[in-house]
Amino acid sequence: MKPAPFEYEAPSSVEEALRLLADPAIETSLLAGGQSLVPALNMRLARPERLVDLGRIEGLDAIRDENGALCIGAMATKRSIERSALVAQKQPLLHEATGHIAHPQIRNRGTLGGSMAHADPAAEYPAVAVALDAEFRVIGPSGERRIAAADFFVTYLTTALAEDEILLEVTFPERPAGEGVGFAEICRRHGDFAMAGAAATARLEAGRYQDARIVLFGVDATPVRALSQEERLRGEVPSEALHAEVAAAIGAGLEEPPGDQHASPEFRRQLARTVSKRALEAAVARAAKA
Amino acid sequence: MSPTRIPVRLRVNGRPAEGLAEPRTSLVDFLRDELDLTGTHVGCEHGVCGLCTVRVDGVAVRGCLMLAVQADGAEILTVEGLASPDGKLHPLQEAFAEEHGLQCGFCTPGFLMALHELIDDEPNPSEEQIRDVLGGQLCRCTGYAGILRAVQSAFAKLGASPSTESGA
Amino acid sequence: MAIEIPKNLDGLPTSQRRFVGRRVRRREDPALLTGRTEFLDDIKLPRMLHCAVLRSPFPRARIESLDVTAAEALPGVEAVVTGEDARRWSHPAASSPDGWGGHCLAGDEVRLVGEPVAAVAAQSRAAAEDALEAIEIEYEPLDPIVDPFEAMKPESPLVDEAKGTNKMLDRVFTWGDVDAAFDAAPHVFRESFRWNRVGANPTETFGAICEWDPMSLELTVRGSIQSASHFGLGRAAVFGLPSNKVNVIATPHGGSFGGRGGTRCTDVACLLSRKAEGRPVKWIEDRMEYLTAGGSQAWDRHYEVELAVDADAKVTGLRVKLVDDLGANGEPYGAICAAKPLAAFTGPYAIPVAAYDLKLVATNKLPSSPYRGMGPPPHFFVLEQMMDIAARSLAIDPAEFRRKNFIPKDAFPYTIPSGNEYDSGDYEQVLDRALELADYAGLRRQQAEARAAGRLFGVGVASAIEPGVFDWNAYAIVGLPGTGVPEGATVNIDILGMISVRVGFAMEGQGQYTLVSQLAADYFGCELEAVRVVPMDTQSAPPSFGPGGSRLGVAITGAVLGACEKIRGKMTRVVAGLMQTEPENIVFRDGKFGIPGVEGASMSVAEVAGTMLARSDLLPPDIDPRPEATHVWTAAGRTEPDAQGRAKSYLTAAQSVHVVAVEIDPETGQTEILRYAVVDDCGTRLNPVVVQGQLEGSVAQGIGAALYEEYVYDDDAQPLTTTYMDYLIPTVNEIPELLRDEVVTPSPFTPLGAKGCGEGAIHTTPAAVLCAINDALAPLGARAREVPATPNRVWNWIQEAGDGNQTPQGEGSNG
């Protein structure tokens, strides 16, 4: 179980990485933390001719506050995100979700950018990015551009990143005061990819939903935002019955949940209900306290 | 097809080491085949079992998910570096022996290295933190009971005791 | 001179037993903890090559063409072999049932995904894998045979045309007048069950380094091999070599649990070595190879079971129909897993008659391998569910129903209908302790409260037998010959009194080298460190099977103590000569030979050994002066099987009761284990800490089988569980804390009264967990009839019960 041969470059600047990536003569993959790519290499499922390792570029792993927004470099490890007081304070949903990803030994190497660019539909970070309206700063031969999370995840393992582009940073806008967040996932074992999961945010005003957001993962090719149910919650008084109704509608509304040996499409629909409800309830509980 | 081998220079267990690696060579294969440090084992080569866990610049990582060339310049600690040169076991190793934390012993180096990071990071870890780390390591022999006992005992030996609230 | 091996701990010649029966730290550990133990893949031999194997991507296909010339021409490639080489240089492998073995590389047809079709030896594993990609091969895919029931139909295509059938075995065994028992029974319970494939998954995969010496025509195989002697005999047969020209060197195992397999690729590496002019060839099975095509899979079973119960709630008869999908051939001896239940067919119960309708069926899946417990775990899963079904129907507490049907403690030795004899036990005491330990009454109260609140809370009480010290005669019905499984040890004392013990098996994790040291140290009154344990290759070792069938602890105890006794006998003669008395006046105790009551008449073992080796002038005439002896132990009283497979086979019968409480989340189908209590009786515990470790590990594997682990194939016989992302080994977070207690009923038949205990809890755990799940689901009318009880399955069962259309789970749906 050894990878097919490839060449290896470890540029020290983004410019150099872009130059390497732009060479049409050689099929190149970017290497971030390697926690998804290297298994695929070992199994010879991925067979790039060259790897360009972003690990030697200074400054790509910064976690910083920019006018209230949280900017996290693509090469920041999940471990550093998990341990960042800034993340915990400014983006509690991101902090909470990080703890659900695999185990410390994986989070030590796995990066934010790697997860986003890999776009596994069962992964936590893409859903969190959609829930938090994150923005992806990417750079290509013709300069930088920004992609909204809602546009970033195209389909199964596919993003809006062009082949010659590099993800530099993900920006999480400052959260409104009083917002509560919730996160729930159902896995076969602790730390596994989720059969279904949900991230939620909620804000209340005078005991009613001012707004809410629910984003599911593991139930379709990309994170799924429950737009119509978010709409429905607005102005309503949170209650168990309401949440159950909304969750049921979310489950029923899924287009075509995938089936595999762990969960049939029907069961995923059911789990989507459960995680939606749990995430929403958690968000409301925190919002009420906030 | 004779892939180029690149020099890799690093420090292992406090000593300089170097060897040649194809870009595709994993860190664990490099340690085992090129540096003859066979104490780190290979279990799945896709990052799940944790047998190949070593510390790279202080953090516990999967040796099968890191390329040797990525470790150029790094400081590596492997199971061979835990005991004192005079053969005295590290308190963690001692605890595993005392509490029957190993049977076949094949997964043990990975457990030790993952826990070794925890010891450095968290002198007084919660049960949840312990389980988070242990959850990333597979053992097929012990059912983890002896390992949990060993971890409790190791932290006790190291002068702190993990809280016992029921965790994850 | 007859050898008297002590039957209990007091029989050891020591007044202060320091090691045997005590919690002794393992001598194996320091090397393992420091990474110094040399496992197979740590070995580098001069000029060694590395092997990679090209495997079939199809479950059933004809090979239209195969061209390896491009691969052969690649730099670094030293040899390539195909089915042609296998046919030229080797024979089909032995199998169970007989005749279901093949060549190590496919010929014209492949029969499973992962079947080896060609292999490369190159300078590195990576280079060998590169060369596989240069092999040109064309397949014509054929419709695979997937379902064993379809496979049994006359119109089914055949896995192996030459056999003329897909039924590897089709027999009914009847033990007693079963029909009469069922006719007379006021209550008959029937149910179907499904046990899906699970397997061993030692953390070290299999591997071998093979050297074919072209000059001497000798074969040397190093490998992480569970039974080296049998492995060697198998290679001799495959390559047509005299058995003394095959030497097997077993390396320490990174776990085993029966599932190491790997004979085919070992033989491939042998062929490659032969082609590469004798250069050693290393083959290391990678994890995907292990999961897809290794010794990884066991027990693919469809059951129909009937239980007859009389008016007094006594079980009067058991009928078990088993269709066991053995996969594409019989080479890994998975068939013995279907035979082993004969050793404990009726479990801990006094069920007077039983019948076993056994069909072993070939399909295009991975051949079934042994796995810890070797077949009884699924058998007890179904038996224990039947006990609960009966108890529930008769409104009897499941614990009391079991108590009522237990073999009483004064009935031992007890012969069960399928012929085996249980040595000893006190099942009621074990049950009582378990109920107390688990606070069974409290759990039932908790359950009542939970149910009142609409929660799904269940309690399972299950009991099973662990047959220990296996015997070949238990497997006669699937074609294995022979009675008795000899295990030898050679104890040697050197001129300075230091002891070494030579054994024929590699270290595997059960602390056997520590046990050998404990025995020799207590026997001769020395420190553990004074004993060296030396594993031998198969050409040097005494007869040995090694670990397997929960036997080695008992067997090696017999072998070591027997050899010690022989040395004592010899030394006694020497000492008697020196002390000018008769041997019967000499007493050996605490490491000293002496004459009771005679002051100063005392010699240490070292003094006697030194005298034997350096003072021939003082020795009695005709004595062999070497302080060494070999003893080969084999279980006494084993019998030849009759036509219905009945024999005294497994020597010991350990018993256990597990009490489990679970709560099920009806929304997610997840089962949480809230309490897990085990009480077991495996006789004398030779190293209690090791016994505890075996139990804890076995519970974890049982929980894996009950809730998480499953090899899944799609409808086209493609394996879907080829990585550890898919095949779910429990982590620390899936295993509950164990409450443990023990009862000790020494075996009257074994050295020191120990019983086999290495396989242990997996006999009972899946049964107990499923009993608890069924108890939790009972108020809904939902029934769990399939393992693993995955969240998806549990949720399905609840939905089906809610829809009022629940059907027996027997169709192998994967959920």
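Filter the cross-link list C:Lys365/C:Lys648; C:Lys340/C:Lys566; C:Lys7/C:Lys409; C:Lys314/C:Lys340; C:Lys44/C:Lys245; C:Lys7/C:Lys340 down to pairs whose alpha-carbon distance in this structure exceeds 30 Å. Don't skip to the end; give the middle numbers.
Values: C:Lys365/C:Lys648 34 Å; C:Lys340/C:Lys566 34 Å; C:Lys7/C:Lys409 20 Å; C:Lys314/C:Lys340 25 Å; C:Lys44/C:Lys245 23 Å; C:Lys7/C:Lys340 27 Å.
Too far apart for the 30 Å limit: C:Lys365/C:Lys648; C:Lys340/C:Lys566.
How many Cβ atoms of partner chains, on average, are near each residue of B:123-132 if near means within 10 Å of its Cβ?
Shielding by partners across B:123-132 averages 2.
Along the stretch C:134-141, what does the Karplus equation 6.51 cos²θ - 1.76 cosθ + 1.60 (θ = phi - 60°) give for ³J(HN,Hα), rounded to whole Hz, x for Gly and Pro?
8, 7, 9, 9, 10, 10, 10, x
Near the amide H of C:Arg55, under 5 Å away, which other amide H atoms are found, from residues 5 or more places off or on another chain, if H is placed in the peptide plane?
C:Val117
Count the net charge of all other residues whose Cβ sits under 14 Å from the Cβ of C:Leu613, scoring Lys and Arg as +1 and Asp and Glu as -1.
Summing Lys and Arg as +1 and Asp and Glu as -1 gives -2.
What does the average come to when, for each residue of peptide C:199-207, you count the partner chain Cβ atoms lying within 10 Å of its Cβ?
5
Note down the magnitude of the dipole of chain C about its Cα centre, charges +1 on Lys and Arg C-beta and -1 on Asp and Glu C-beta and zero elsewhere, to the nearest 20 debye. Can you show the working numbers first?
Details: 74 positive and 109 negative charges, 423 e Å.
Using only the charged Cβ atoms, the result is roughly 2040 debye.
In the stretch B:82-120, which residues become less accessible by 50 Å² or more once every protein chain is in place, relative to the chain on its own, using a 1.4 Å probe?
So the qualifying set is B:Ala97, B:His100, B:Leu102, B:Gln103, B:Cys104, B:Phe106.
Of the accessible area of chain B, with the probe set at 1.4 angstrom, what percent is carbon plus sulfur?
Using a 1.4 Å probe with all protein chains present, chain B comes out at 47 percent carbon and sulfur.
Between C:Ala94, C:Ala601, C:Val699, whose Cα lies farthest towards the positive end of the dipole of chain C when Lys and Arg beta carbons carry +1 and Asp and Glu beta carbons carry -1, centred on the Cα centre?
Of the candidates, C:Ala601 comes out farthest on the positive side.
So, with a 1.4 angstrom probe, what is the percent of accessible area on the stretch A:180-289 that is carbon and sulfur? Don't jump to the answer; show the numbers that get you there.
Values: 1990 of 4220 Å².
So the carbon and sulfur contribution to the accessible surface is 47 percent.
How large, in percent, is the carbon and sulfur part of the accessible surface of the stretch C:548-621 at a probe radius of 1.4 Å?
Here carbon and sulfur together make up 50 percent of the probe-accessible area.
So how much accessible surface do C and B hide from each other in total, probe 1.4 Å, in square angstrom to the nearest 100?
Rounded to the nearest hundred, the buried surface is 4000 Å².
Residue by residue through the stretch C:380-397, what is 3J(HN,Hα) from phi via Karplus (6.51 cos²θ - 1.76 cosθ + 1.60, θ = phi - 60°)? Round to whole Hz and write x for glycine and proline.
These are the phi-based 3J(HN,Hα) values: 6, 4, 6, 4, 6, 5, 5, 4, 6, 4, 5, 4, 5, 5, 8, 6, 10, 4 Hz.
Near the amide H of A:Thr159, under 5 Å away, which other amide H atoms are found, from residues 5 or more places off or on another chain, if H is placed in the peptide plane?
A:Val154
For the stretch C:443-494 and the stretch A:103-157, what is the centre-to-centre distance using only Cα atoms, to the nearest Å?
One Cα centre to the other: 49 Å.
Name the residue, out of B:Ala154, B:Ala68, B:Ala83, whose mean-square fluctuation peaks in a Gaussian network model built on chain B with Cα pairs under 10 Å.
Maximum among the listed residues: B:Ala83.
Might you tell me the accessible area per residue for the protein assembly as shown, computed with a 1.4 Å probe and given in Å²?
Working: 43330 Å² over 1273 residues.
On a per-residue basis, the protein assembly as shown sits at 34 Å².
If A:Arg269, C:Arg36 are ordered by their accessible area, calculated over protein heavy atoms with a 1.4 Å probe, which sequence runs from highest to lowest? Please report the intermediate quantities before stating the final value.
Details: A:Arg269 50, C:Arg36 185 Å².
Largest to smallest exposure gives the sequence C:Arg36, A:Arg269.
When the Karplus curve 6.51 cos²θ - 1.76 cosθ + 1.60 is applied with θ = phi - 60°, which whole-Hz ³J(HN,Hα) does each residue of the stretch C:118-125 get, with x for Gly and Pro?
Using θ = phi - 60°, the values come out as 7, 8, 10, 10, 9, 5, 9, 4 Hz.
Please give the total accessible area that chains B and A bury against each other, computed with a 1.4 Å probe and expressed in Å² to the nearest 100. The partial results should precede the final answer.
On the way: alone 8670 and 13610 Å², together 19770 Å².
About 2500 Å² of accessible surface is lost on pairing.
Once amide H atoms are placed 1.01 Å from N in the peptide plane, what residues at a sequence separation of 5 or more from A:Gly33, or on another chain, have their amide H within under 5 Å of its amide H?
HN-HN under 5 Å from A:Gly33: A:Thr111, A:Gly114.
Which order, highest average first, do C:192-201, C:640-649 follow once you tally other Cβ atoms within 10 Å for each residue and take the mean per peptide? Provide the component values of the computation, followed by the final result.
On the way: C:192-201: 24.9, C:640-649: 19.3.
Peptide ranking by packing, descending: C:192-201, C:640-649.
Based on alpha-carbon centroids, what's the gap between the stretch B:78-116 and the stretch C:146-224 in Å, whole number please?
40 Å
To the nearest Å, what is the center-to-center distance of the stretch C:41-83 and the stretch B:1-67, using C-alpha atoms only?
Spelled out, the Cα-based centre of one part sits 26 Å from the other.
Using Cα positions and a limit of under 22 Å, work out the lysines in reach of A:Lys78, with same-chain residues fewer than 8 apart set aside.
A:Lys90
Determine the residues within the stretch A:71-120 where the difference in accessible area between the chain on its own and the full set of protein chains amounts to at least 50 Å²; count protein heavy atoms only and use a 1.4 Å probe.
Relative to the lone chain, where solvent access is computed with a 1.4 Å probe, the stretch A:71-120 loses at least 50 Å² at A:His103, A:Gln105, A:Asn108, A:Arg109.
Chains A and C: buried accessible surface, both sides, probe 1.4 Å, rounded to 100 Å²?
Buried surface at the A/C interface: approximately 2500 Å².
What is the packing order of peptides C:232-243, B:21-32, taking the mean over residues of other C-beta atoms within 10 Å and listing the highest first?
Details: C:232-243: 17.7, B:21-32: 24.8.
Top of the packing list down: B:21-32, C:232-243.
How about the stretch C:474-580: which GluC sites (Glu not before Pro) there lie in a loop by DSSP and see at most 13 other Cβ atoms within 10 Å?
The qualifying sites are C:Glu527.
Averaged over its residues, how many other protein chain Cβ atoms are within 10 Å of peptide A:39-46's Cβ atoms?
That works out to 5 on average.
What value, in deg cm²/dmol to 500, does the helix sum -39500 (n - 2.57) over DSSP H runs of n ≥ 4 give at 222 nm once divided by the residues of the protein assembly as shown?
After summing the helix terms and dividing by the residues of the protein assembly as shown, the value is -8500 deg cm²/dmol.
With heavy atoms of protein chains only and a 1.4 Å probe, what residues of the stretch C:507-553 have at least 30 Å² less accessible area in the full set of chains than alone?
C:Gly509
Please say if chain C is rounded, prolate or oblate, where rounded means a/c under 1.5 for a ≥ b ≥ c the square roots of the C-alpha gyration tensor eigenvalues, and otherwise the choice is prolate for a/b larger than b/c and oblate otherwise?
Working: a/c = 1.92, a/b = 1.12, b/c = 1.71.
Here chain C falls in the oblate category.
Roughly how tilted is helix B:108-121, in degrees to the nearest 10 and between 0 and 90, from the longest Cα axis of chain B?
Once rounded, one gets 70 degrees.
Mind listing the lone cysteines of chain C, meaning no other Cys beta-carbon sits under 4.7 Å from theirs?
When partners are defined as cysteine Cβ atoms under 4.7 Å apart, chain C leaves C:Cys51, C:Cys104, C:Cys265, C:Cys337, C:Cys526, C:Cys564, C:Cys771 without one.
The values are calculated or read from the model by the stated rules, or taken from the named source; none is laboratory data. This one's a predicted model, so the numbers in the text were calculated from it and none came from an experiment. Don't worry about glycine lacking a Cβ; one is built from the backbone with ideal geometry, like all the others, and counts go over all protein chains shown. To get the accessible areas, we keep the full protein, side chains included, count just its heavy atoms, and leave off ligands, DNA and RNA. Shrake-Rupley method; radii C 1.70, N 1.55, O 1.52, S 1.80 Å.
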